1. Residue 189 fails exactly one of the following numbered conditions: (1) in contact with a Ser or Thr (Cβ under 8 Å, 6 or more places away or on another chain); (2) of a type outside the set (Val, Ile, Thr); (3) surrounded by fewer than 18 Cβ atoms within 10 Å (Cβ to Cβ). What is the number of that condition?
2. Where in the stretch 109-218 are there helices (runs of 4 or more DSSP H), lying fully within it, with 3 or more residues that are at pLDDT 90 or above?
3. If we keep just the residues of the stretch 1-59 that are among the charged types (D, E, K, R) and assigned to a loop (DSSP other than H, G, I, E, B), which is modelled with the highest pLDDT?
4. Do we have residue 64 as crowded, with 19+ Cβ neighbours inside 10 Å, over 21 Å from the mean Cα position of the chain (by Cα), of a type in the set (Val, Ile, Thr) and modelled with pLDDT of 75 or more here?
Amino acid sequence: MTPVRTLLAPRSPQTWAVLAFVRCRGLPRATGVALIVALVATAFAGQRMAVPEFRYLVDFSVPVAEVVPLAHAVILATTLFSPMADLEQTSAQPMTRHRGLYLVVLLALAVGLSALPLLTGATAEVFGSAARNVVGYLGLGMISARLFGSGLAWLLPLGMFGPTLLLGVDSDNTPEPWAWSLHASSSTSAAVVAAALWVIGVAAAATGRPRQTERAEQ
């Protein structure tokens with residue numbers, strides 16, 4: 001009877017506060033959408049996507065599993081801010097720890113979703129690149145959400161991804177130094193860039209508040 005009593009026991013106010021914090025940001029819905037995208041990507045994990053190159057006649061492609069993390073990052077970044085931000089600011093319970101833990105949860109979800117293609121044969125190298133890419137693009141998404149609002153969390157990630165696809169390969173059929181998301185998983189410079197973007201994004205998300213216009217829209 002103890003397990004039943006435990007399940008039926010009323011939750012503490014702190015637990016309700018955490019659940020409300022998560023639900024008001026739409027994280028369950030965003031996670032469901034990202035999971036669907038991840039499952040589709042898992043089904044095509046063995047496929048590669050050709051990178052169009054306008055400057056040189058090159059033949060460069062990347063695994064689909066390394067590109068899909070962009071979608072995970074954008075979807076999860078849209079949940080950064082709550083339409084109830086005014087109430088959170090006047091809450092008797094400090095929200096700083098909640099925000100910090102929430103950002104860690106977003107990172108764990110993003111990396112976990114990027115790992116699903118491993119179930120269908122993706123290599124550790126592909127996962128390494130996918131994990132790096134989702135970290136970097138999630139950072140860009142957080143910066144974008146801070147600057148332009150959660151609804152435009154996609155702006156900076158896609159603004160980076162587009163030029164990377166079109167101009168990110170050199171004439172010797174290798175990625176340009178700035179095209180970090182196309183580099184191999186062993187690239188230290190690409191990992192440093194991705195980590196730096198995430199740290200900047202965390203700082204922006206943790207210290208920022210949603211714009212007044214965003215609150216009105218939501």
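1. If we test residue 189 against (1) in contact with a Ser or Thr (Cβ under 8 Å, 6 or more places away or on another chain); (2) of a type outside the set (Val, Ile, Thr); (3) surrounded by fewer than 18 Cβ atoms within 10 Å (Cβ to Cβ), just (1) comes out false.
2. Output list reads 124-148, 155-167, 188-207.
3. Going through the qualifying residues, I end up with 59.
4. no
The values are calculated or read from the model by the stated rules, or taken from the named source; none is laboratory data. Values in this document were obtained by computation on a predicted structure and should not be read as measured data. Please note: Cβ atoms are built from the backbone with ideal geometry, for glycine as well, and neighbour counts cover all protein chains shown.
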